[in-house]
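Colleague: Handing you this structure, nothing more for now.
The values are calculated or read from the model by the stated rules, or taken from the named source; none is laboratory data. Just so it is clear, the model here is predicted, and its values are computed rather than measured. Cβ coordinates were reconstructed from backbone atoms using ideal geometry, including for glycine residues, and neighbour counts include every protein chain displayed.
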């Protein structure tokens, strides 16, 4: 899709990045089979990780109708409807509506990562470079132009709104937090290895 960027790929860096991915990401999100090109889920793919573990914004699983939504989905959609899932496949299960410890987000496959910006469940992180903490996450950015950034993988943002009236995203607003999902390392972690993170970003560009 971005041939100029693809031409810059370095085989050694890709190998390094893949090793980092296999160590820190593949168990939860899976990986692409190098032979068939198909996606292979990891042992934790599809598992719901509690918000207390991810430490991402909790608002999407703490909303006021959480306790009744699963039952409503099961009863409202007829049996042949594509959204009619088995009751045991819809969270929360009966009797678990008030158990805060199970509320979380699903480990999803990462195929097509370049198409998924902005990142995290609330769109609070503009690029993959920021998501993996290669670069510091912006607490304020502006949407409206949606110019793609093939280097950091995601969207560019102007430093300030202009005549096109960009929409301001403020991570301090309730529901907009950009914290959490600090894998492989948090930005402030002394163990953080920028070289490994840069290599990881190069590998993520291929997914």
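Colleague: Could you tell me which of the residues 142, 148 is at pLDDT below 95, out of contact with any helix residue (DSSP H, G or I) (no Cβ under 7 Å at 6 or more places or on another chain) and more than 27 Å from residue 59 (Cβ to Cβ)? Break it down stepwise before answering.
Modeller: Values: 142 fails: more than 27 Å from residue 59 (Cβ to Cβ).
The conditions single out 148.
Colleague: Any chance the range 28-43 includes a residue that's over 24 Å from residue 197 (Cα atoms), more than 20 Å from the chain's Cα centre (by Cα) and surrounded by 14 or more Cβ atoms within 10 Å (Cβ to Cβ)?
Modeller: Taking every residue of the range 28-43 in turn, none turns out to be over 24 Å from residue 197 (Cα atoms), more than 20 Å from the chain's Cα centre (by Cα) and surrounded by 14 or more Cβ atoms within 10 Å (Cβ to Cβ).
Colleague: Is it fair to say residue 200 is within 21 Å of residue 17 (Cα to Cα), buried (at least 18 other Cβ atoms within 10 Å of the Cβ) and touching a helix residue (DSSP H, G or I) at 6+ places or on another chain (Cβ under 8 Å)?
Modeller: Against the criterion (within 21 Å of residue 17 (Cα to Cα), buried (at least 18 other Cβ atoms within 10 Å of the Cβ) and touching a helix residue (DSSP H, G or I) at 6+ places or on another chain (Cβ under 8 Å)), residue 200 qualifies.
Colleague: Okay, next question. Given the range 98-207, what strands (runs of 3 or more DSSP E) lie entirely inside it while holding 2 or more residues that are without any contact (Cβ under 8 Å) to a residue 40 or more places away in the chain and touching a strand residue (DSSP E or B) at 6+ places or on another chain (Cβ under 7 Å)?
Modeller: Strands (runs of 3 or more DSSP E) meeting the threshold: 140-143, 167-170.
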